[in-house]
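All remarks here apply to the structure that follows.
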Amino acid sequence: MKKIASFCVNHDKLLPGIYLSRVDGDVVTYDIRLVRPNCPPYLPNPVLHTIEHLFATFARNSAVSDHVIYFGPMGCRTGFYFLVSGLGHAEVIALIQDIFQRIAVFDEPIPGAACSAECGNYLEHDLPGAREWAKGFVPVIEHWTPERLRYEE
């Protein structure tokens, strides 16, 4: 079988940051990498889950919500994929920066996690942990630019 594009990225050289993963027509996939691959600690599942709920909620309630297609965790627990359409790279970077700054200080009930009717695993969340991981990621991406979106060869 043909190897998929994300398995062709040299994970030994990949550092935390924001990367352009792929472009499929007008759909652009960004790799939001909080953890260096194969270098634990990885994002704990409750933290991953909480960041997913918060980021998706903030993105889908932003001024560019009509351009948001998907936000979800990587199975390796090192980050997330963010799919958008019709946005420039600088605009997406600014959105990601803004959302992680918001997560870093968020202190309200987690959207979509109040009961079993809202979420398939509503008891597995960690808001304090999500805030801490977001606080650690904010300075990593603070000065990110479209020129830095490329994976290192």
All but one of (1) surrounded by 16 or more Cβ atoms within 10 Å (Cβ to Cβ); (2) touching a His at 6+ places or on another chain (Cβ under 6 Å); (3) under 17 Å from ARG22 (Cα atoms) hold for GLY86; state the number of the condition that does not hold. (1)
Lone unmet requirement of (1) more than 23 Å from LEU95 (Cα to Cα); (2) loosely packed, with under 13 Cβ neighbours inside 10 Å for CYS119: (2)
Note on the range 27-44: residues assigned to a strand (DSSP E or B) and either basic (Lys, Arg) or in contact with a Phe, Trp or Tyr (Cβ under 7 Å, 6 or more places away or on another chain) (or both) are THR29, TYR30, ASP31, ILE32, ARG33
Among the residues of the range 121-153, what is the count of those that are within 23 Å of TYR30 (Cβ to Cβ), in a loop (DSSP other than H, G, I, E, B) and either without any contact (Cβ under 8 Å) to a residue 40 or more places away in the chain or touching a Ser or Thr at 6+ places or on another chain (Cβ under 7 Å) (or both)? 1
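Is there a residue being under 21 Å from GLU153 (Cα atoms) and at pLDDT 95 or above anywhere in the range 54-70?
Within the range 54-70, the first condition is being under 21 Å from GLU153 (Cα atoms), and the residues that meet it are none.
No, the range 54-70 contains no residue that is under 21 Å from GLU153 (Cα atoms) and at pLDDT 95 or above.
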Say we look at the range 89-116 and pick out the residues that are touching a residue at least 60 places away in the same chain (Cβ under 8 Å) and within 17 Å of the chain's Cα centre (by Cα); which of these is surrounded by the most Cβ atoms within 10 Å (Cβ to Cβ)? VAL92
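The values are calculated or read from the model by the stated rules, or taken from the named source; none is laboratory data. Since the model is a prediction, treat every value here as computed from it, not as a measurement. Neighbour counts run over all protein chains shown; Cβ positions are idealised from the backbone, glycine included.
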